[in-house]
Each structure stands twice: as structure tokens, then as C-alpha cells.
Amino acid sequence: MRISYGLYGASGFGSEVMPLVIEQYNSLKTDKQSLDYFFIDDNKQGSDLNGIKIISEEEFCSFKHDKFFNISIADPKIRQKISEKMQKKGCKPFDIRSQHSRIIGDIKIGEGSILTDFSIVTSNVVIGKFFHSNLFSYIAHNCHVGDYVTLAPGVKVNGNIHIEDHVFIGTGAIIKQGIPEKPRLIGKGAKIGMGAVVTRDVESGATVVGNPARILEE
């Protein structure tokens, strides 16, 4: 039985994630399976990245055997658009878990997530679909995270925080914990800048930077 795994986006992040894919799914392979790995990128098709062939979306979706995809693109809205399109074409999401990531306690994570090396998710956390957790990022207890949320490297999401859909949190940002009676809220589509220290709620669509974090005025 042939199975193809496609990682959408032949980029820097994709080059970090693909070895995790191969490590994870080769370890689960049975004698009756033949596994193929591809990058999917219409702009770079016909070439390769670190020895992995880059093919078009059309070619990948044309395979008649089982085909699974994930998306190594940080922009949450682009990730949603691609995921919906790929599933309409008969491709199925797969999850990516580094063997050096940790999931501790009662955790629920939606389909299509990526947890890279040294990512940690602790107890009583609910996370939506197509979530990205980059190197050395963590989500602490009693957090709720929406769909298509991105944590860049080194993000610290402390306890009792609600993060809505399409939020992007930049490298090294820290979100101060909320309390059970009033979880800290990061609104839909918000962007938190690199190194920001968030000590209060963030409105939907806002971009915040600095320590303490403040709204970035255009």
C-alpha cells in the first residue's frame, strides 16, 4: 500500500519540519506500506529541497492512493485557505509531533497540528486545528486555543489564557497568566510582536509590541 505525505510550503520552516515528518512516520511504517514524502509548492515545482522532491498541488492531489498533507506556512489565514482547498480535493490532514515535544495531562488538539522540538503543552488545554508550535514554545495549564494559531520560537503562554482563531505570536513573546474567573483574552486575528510582554487582554485584530505590550499605531 502506497501512502504519500505532502508538506505544503518549501520554505525555511518546511526544511525544519520535514525531517520530523520522516522520523515520525518511518517509525510507524509497516512491511505492507510504501511511504513517499514531498514538498508542495507551485512556485518551486520540479526542484528539490534537501533531497525531497517539490511538486505542484495539482500533481499531489492527482495521486490515486492515500495522500496526507500538512502546511508549513506561518500566516494563519493562508493556512486556513490551503487546508480547506486541499480537503475538498480529497487530501487528509496529518499531525506532526517531534519526539522531543511533550504533551502532558488531559489535552485535546485538533487535526493538522505541528509541534516542533521542545514544544510543551501541559494539563487541561484545548487547541484547535492546524496549530503551530515552534522551537521551545509552551502552553501552560487551562488554556483554550482556537484554530490556525501560530506560536513562533520561544513563546511562553502561561496559564488561564484564551487565544482566539488566527492569532500570530512572535518569537520570544510572553503572555502573563490569567485567573480562572477571568482568563486573559487574545482576540481573533491579533498579532503579538517579537519579545512582547502581554499583561492585559488584546483586542481582535490588534497588533501589540513592547514591554509591557501596547497597541502598535500605524
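The values are calculated or read from the model by the stated rules, or taken from the named source; none is laboratory data. Note that the structure is a prediction, hence the values are computed from the model and not measured. Glycine gets a Cβ as well: all are built from the backbone with ideal geometry, and neighbour counts include every protein chain shown. Keep in mind that these areas ignore ligands, DNA and RNA; they rest on the heavy atoms of the full protein, side chains included. Shrake-Rupley method; radii C 1.70, N 1.55, O 1.52, S 1.80 Å.
For region 1-64, applying the loop criterion from DSSP together with a ceiling of 10 other beta carbons within 10 Å to the trypsin sites (Lys or Arg not before Pro) yields LYS32, LYS64. Backbone N atoms of region 109-137 closer than 18 Å to the 7 Å Cα→Cβ label point of LYS85 belong to residues 130.
Values of log10 I(q)/I(0) for region 148-218 across q = 0.15, 0.16, 0.17, 0.21 Å⁻¹ run -0.38, -0.44, -0.50, -0.78, by the Debye formula with one identical scatterer at each alpha carbon and no solvent. Over the chain, what percent of the accessible surface lies on carbon and sulfur atoms, probe 1.4 Å? With neighbouring chains kept in place, the figure for the chain is 51 percent.
Amide H contacts under 5 Å for ASP36: ILE3, SER4, TYR5, restricted to partners 5 or more places along the chain or on a different chain, H placed in the peptide plane at 1.01 Å from N.
One way to sum up the overall shape of region 67-123 is the equivalent ellipsoid from its Cα gyration tensor, whose semi-axes run 24, 12, 11 Å, largest first. Counting only Cα atoms, region 118-171 measures 22, 20, 14 Å along its principal axes, largest extent leading.
Maximal additional length on extending the GLU181-ILE78 stretch stands at 33.7 nm, based on 0.36 nm per residue less the C-alpha distance. Restricting the GluC sites (Glu not before Pro) of region 19-100 to loop positions (DSSP other than H, G, I, E, B) with no more than 10 neighbouring Cβ atoms within 10 Å leaves nothing.
Summing +1 for each Lys or Arg and -1 for each Asp or Glu among the other residues whose beta-carbon sits under 14 angstrom from that of ASP147 gives +1. Taking the longest Cα principal axis of the chain as reference, the axis of helix 76-88 is set at about 40 degrees. If you wrap the Cα atoms of the chain in a convex hull and average its projected area over all directions, you get 12.4 nm². Each eigenvalue of the Cα gyration tensor of region 1-113, multiplied by 5 and square-rooted, gives one semi-axis; in descending order these are 21, 18, 15 Å.
Counting only residues at least eight positions apart within a chain, or on another chain, the lysines with an alpha carbon under 20 Å from that of LYS77 are LYS85, LYS88, LYS89, LYS92, LYS129, LYS188, LYS191.
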